[in-house]
1. Checking the conditions here, which among Asp490, Asp424 is at pLDDT 90 or above, acidic (Asp, Glu) and farther than 30 Å from Thr65 by Cα?
2. Might you check whether a residue that is among the aliphatic types (A, V, I, L, M) and over 22 Å from Val66 (Cα atoms) occurs anywhere in segment 297-305?
3. So which residues in segment 311-362 are charged (D, E, K, R), open to solvent by 30 Å² or more (accessible area, probe 1.4 Å) and modelled with pLDDT of 90 or more?
4. If you check Ala325 against the conditions, is it among the small types (Gly, Ala, Ser), within 25 Å of Phe220 (Cβ to Cβ) and either touching a residue at least 12 places away in the same chain (Cβ under 8 Å) or in contact with a His (Cβ under 7 Å, 6 or more places away or on another chain) (or both)?
5. In segment 112-137, which residues are under 49 Å from the mean Cα position of the chain (by Cα) and without any contact (Cβ under 8 Å) to a residue 40 or more places away in the chain?
6. So Val71 passes all but one of these: (1) touching a Gly at 6+ places or on another chain (Cβ under 7 Å); (2) within 24 Å of Arg209 (Cα to Cα). Which condition number does it fail?
7. Can you tell me which residues in segment 140-164 are touching a helix residue (DSSP H, G or I) at 6+ places or on another chain (Cβ under 9 Å) and within 30 Å of Leu473 (Cα to Cα)?
8. Quick one: is Phe91 open to solvent by less than 30 Å² (accessible area, probe 1.4 Å), among the hydrophobic types (A, V, I, L, M, F, W, C) and more than 13 Å from Leu51 (Cα to Cα)?
Amino acid sequence: MTPTPSSSRSSAATEATASSVPPKLSPRAWLRWAWNHLTTMRTALVLLFLLALAAIPGSALPQRTVSVEQVDDFYVDYPELAPWLDQLYLFDVYSSPWFAAIYLLLFTSLVGCVIPRMRTHLRALRSPPPAAPRHFERLPYSARFTTTASPDTVLAEARRTLRGHRVRTSTDHVAGERGYLRETGNLLFHASLVGLLVALAAGSLLGYRGNMLVVEGDGFANAVPSYDAFHPGAAVDSADLEPFTFWLEDFEASFVEDGQLRGQAENYTAELRYRETPDGPEQYHDLEVNHPLSVQGAQVYLLGHGYAPEFTVTDATGEVVFDQAVPFLPSPEAEDMIASEGVVKVPDTSEEQLGFRGVFLPSPTENAAGELISDFPAPRDPIVTLDAYQGDLGLDSGESQSVYQLQTEFMEEIGTTTALGVGDTWELPDGAGTITFTGYSEYISMEVTSDPGRVPALVASSVAVAALLLTLLVRPRRCWIRVHRADTADAETVVEVGGLSKTDHAEVTADFHAVTTRLRNRLRGDSRASQ
């Protein structure tokens, strides 16, 4: 049966439609497509930009790894918003799944970019410069002149002129190339970024960080129970911490006395006596803000200082049930004058337990409203004010408590004291006992960090800077010098010079012109050529 024209057009349209449908890709083909796109430099730059964006919430919002208290305060200030942010890991940005995903993708992309380019660069280093193109006039730089020297003489002088280039000599031309360090620097830069990512990952996995307060005269042993806050890496075994110990022998702080900066700290100096191992020799170190103690790969930093008022408490029977210094934390409203707040917990009493909330003022005075404030951070006749509570401190409830907070759900406020100076005693109401402000000590807030990736990260960063300078300062270019006999009666030698630069820069063109001028002067026997 002979098809009709309409059926022919229909079958042709069907065939055309079928041929325009792309074939389905196999899973392996999809993986190859994804890998090819992931390992492009454009994707690496996009991922680097995304990593920078992802780090912004870590700077704008409080992080648990830095301060749990600040996160708790954020919950108090924004009770509806905080849970939503927490579900997005915005209080744990750097340990969140989405940050880790960007980090790993960037690492994979950089490795996939760098390794093939390294192979290509190594082949280029082993390969001679390419042969001369046929038409020099199509190059960005070209020049032409004639000489009476023979072609062999011109080629010999051309090799001398291109000294410092990688040279390839042919029967009718000399090819020179230089500037390979630009691509070397480019590859080193990207390789150093990979090294930096590895170093940061190693520090995050194998390092740890902890904060603590040490009162003057007390000591510290590098063990987890000694820290107020401890943040180990995922691969850190808490039992394998460096076994160093130290004692805070003395602390001195100086403050600006006059002017607009009055009250600001001039210098903190803590005298430490330490041992790197339990049976090691004792050593001394003056710990300052920018002068940490380095011991067994860990660094001990001085962050700040405060005061620890000393109290003696007696119960209803007159027995001393508490006698020690209690660190008070600087109040956020103190404006750097170290007015401090703290609590005293007295569980071992003969009757109901006692608790106190106090304010320590190192240099007390009254403001315009008649309220007691501190007008200088150094101790000048310090005082404390206390609120007393009686009842159950809740220490036996099984729930963890902060030593800097007093839970008063099961306690009753029994009184408020007037200002107590050093040596003053407050008789508690209803014969509940006494509390005496016996003096004060100073404490320092410290941070211990162990980061095995710190030195590799420094090396990788230094290499990245040096490699970037190579990339910016080195200008790769190729130069060809070709010779042939002129079709004239005197049979002069025609010299053609061509130049190609991989970067648009005026100095490169000047270099090509200098090569041409130097070669022509040498061939003419100009005396300047020998200088």
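The values are calculated or read from the model by the stated rules, or taken from the named source; none is laboratory data. Computed from a prediction, not measured in an experiment: that's the story for all the values here. Ideal geometry is used to build each Cβ from the backbone, glycine not excepted, and the neighbour counts take in all protein chains shown. The area values use the complete protein model at the heavy-atom level, side chains included, leaving out ligands, DNA and RNA. Shrake-Rupley method; radii C 1.70, N 1.55, O 1.52, S 1.80 Å.
1. Asp424 is the lone residue from the list that is at pLDDT 90 or above, acidic (Asp, Glu) and farther than 30 Å from Thr65 by Cα.
2. Checking segment 297-305: not a single residue is among the aliphatic types (A, V, I, L, M) and over 22 Å from Val66 (Cα atoms).
3. Glu319, Asp323, Glu341, Lys345, Arg357, listed by residue number.
4. So Ala325 fits the description; yes.
5. Correct list: Ile115, Arg119, Thr120, Leu122, Arg123, Arg126, Ser127.
6. (1)
7. The answer is Pro140, Tyr141, Ser142, Ala143, Arg144, Glu157, Ala158, Arg160, Thr161, Leu162.
8. When the stated conditions are applied, Phe91 passes them.
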